[in-house]
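Every number here is computed from the coordinates shown, using simple stated rules; none is lab data. Computed from a predicted model, the values in this text were never measured in an experiment. As a convention, Cβ positions derive from the backbone with ideal geometry for all residues, glycine included, and neighbour counts pool all protein chains shown.
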Amino acid sequence: MADQPGEARQTARFLYLYALAACGGAIAYVPFLTILLPLRVTALGSAQSLDIVAAIAFCGAVAASLGNIAFGWLSDRTGSRRAWIAAGLVLSSALLVAMPMARDAVTLIALIVVWQLALNMMLGPLSAWAGDLVPDAQKGLLGGLLAFAPAIGALSGSVVTIEGLSGPDGRLVIVAAAVIACVLPVLLLGQPRPMPQLMAPRSSDTPRAAKVVRGMWLARLLVQVSEASLFAFLLLWLRSIDPALHENRAAGIFTAVLSAAVLVALLVGRWSDRHDRPIEPLAAAAAVSALGLAIMALAPSMALALVGYAVFGLASSVFLALHSGQTLRVLPQPQHRGRDMGLFNLTNTTPSLIMPWLTLALVPRYGFDALFVVLTVLAASAALILAAMARR
């Protein structure tokens, strides 16, 4: 993408370095929460591993929700995103490396809560920063670039779980180092082009625009409940089908699906920019996500289960990446962008408050199939909401 100053476009340099920083944000939590944390819980020797993982997800989500809103608001008030991002980077990396200090479930949960606060000191201002600097005409491209983040996060899980590479504690050091290497470049070298038109304060918004914001929020929440359920319990679900499955193979499956989503998200994001149709791709991706979940619910074998997961993982990853870019288009008040992005981030964290209890209510008695049926209905509802918005 060539820089075009006359068209008030953000530089390719900043967009690519920002996407790299978003990858660093994903590396900070994806391998830890999906692979390394469940293994650490298992290492505690408790017979209630599922309950402990659920409790960690619940407490961590509360901390992440509060932290994202608070630090987004603080970055609005101070007018500085960079300083908060840098402070969160340092603190969250140090706390991640300190995880081996937790020798029991209570200590581990407490450390996770503090780590989530520090992590969202970085992630909240980072997400708002894109709204300050990326114009609407590049929001689709931004969403496509953001699809790299979950893919790279999953790839980092595959890398750190390679047998013989490192022990449990060393894996955390590798993750922290990778996060720092990804986030620092945009802080030091990004040199973004100022976009004063994106920062002009607005006092109020129209009822229709407010309705669009609510629809976007609800649709993402519904899809995220589905995504969060698999995010936390993917390894346990796969091992319920094949108990001999190694964690590195699980991470590899996760990586392959998310990597495929990158190309699709980039193509669809560029299409939505060229045709100025931001909502239709979101509705289609939500519908395909529902299809994947339905396949998983009905799958009689590991092979078909993985096909269903591939369909769901691909579509939901495209949905979430593009939705992140288009959210910045619909937020009404630039002067409160950090706070409002924190409120939108509730769609990422609230599912972790819902999902553990939904899973515990359904899976022990009815199995994972029942859970997938419920998630299919939620994803299909998101598709209907967005399709109705696109028709208006």
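Brief remarks follow.
- HN-Hα J in Hz across the range 336-350 - Karplus 6.51, -1.76, 1.60, θ = phi - 60°, x for Gly and Pro: 10, 4, x, 4, 5, 5, x, 5, 5, 5, 4, 5, 8, 9, 4
- Diffusion constant of the chain at 10 °C, which comes from Stokes-Einstein with the Kirkwood Cα-pair radius and 1.306 mPa s, µm²/s: 76
- Angle between the chain longest axis and helix 49-78 axis [Cα atoms, degrees, rounded to 10]: 20
- Entry note, the chain: the mean residue ellipticity at 222 nm calculated from DSSP H runs of n ≥ 4, each adding -39500 (n - 2.57), is -27500 deg cm²/dmol after division by the residues and rounding to the nearest 500.
- Helix 280-298 vs. the chain, principal-axis angle (Cα, 0 to 90°, nearest 10): 10
- Chain lengthening between A87 and M199 when straightened (0.36 nm per residue, less Cα-Cα): 38.0 nm
- Under the Karplus curve 6.51 cos²θ - 1.76 cosθ + 1.60, θ = phi - 60°, whole-Hz ³J(HN,Hα) for the range 354-368, x wherever Gly or Pro sits: 7, 4, x, 6, 4, 5, 5, 6, 9, 5, x, 8, 10, x, 5
- For the range 210-227, the Karplus equation 6.51 cos²θ - 1.76 cosθ + 1.60, evaluated at θ = phi - 60°, returns couplings of 5, 5, 4, 4, 5, x, 4, 5, 5, 4, 5, 4, 5, 5, 5, 4, 5, 5 Hz by residue, with Gly and Pro reported as x.
- The dipole here belongs to the chain: it is taken about the Cα centre, uses +1 on the Cβ of Lys and Arg and -1 on the Cβ of Asp and Glu, and is about 840 debye.
- Amide H within-cut-off set for L44, under 5 Å, with H built and near neighbours excluded: none
- Among the trypsin sites (Lys or Arg not before Pro) found in the range 122-224, those both in a DSSP coil and sparsely packed, with 16 or fewer other Cβ atoms within 10 Å of their Cβ, are R202.
- Folded to 0 to 90 degrees: helix 148-160 orientation relative to the chain principal axis, Cα: 30
- Relative to the Cα centre, the charge distribution of the range 61-207, modelled as +1 at Lys and Arg Cβ and -1 at Asp and Glu Cβ, gives a dipole magnitude of about 280 debye.
- The modelled label-to-label distance for the pair A181/A43, using points 7 Å beyond Cα in the direction of Cβ, is 2.2 nm.
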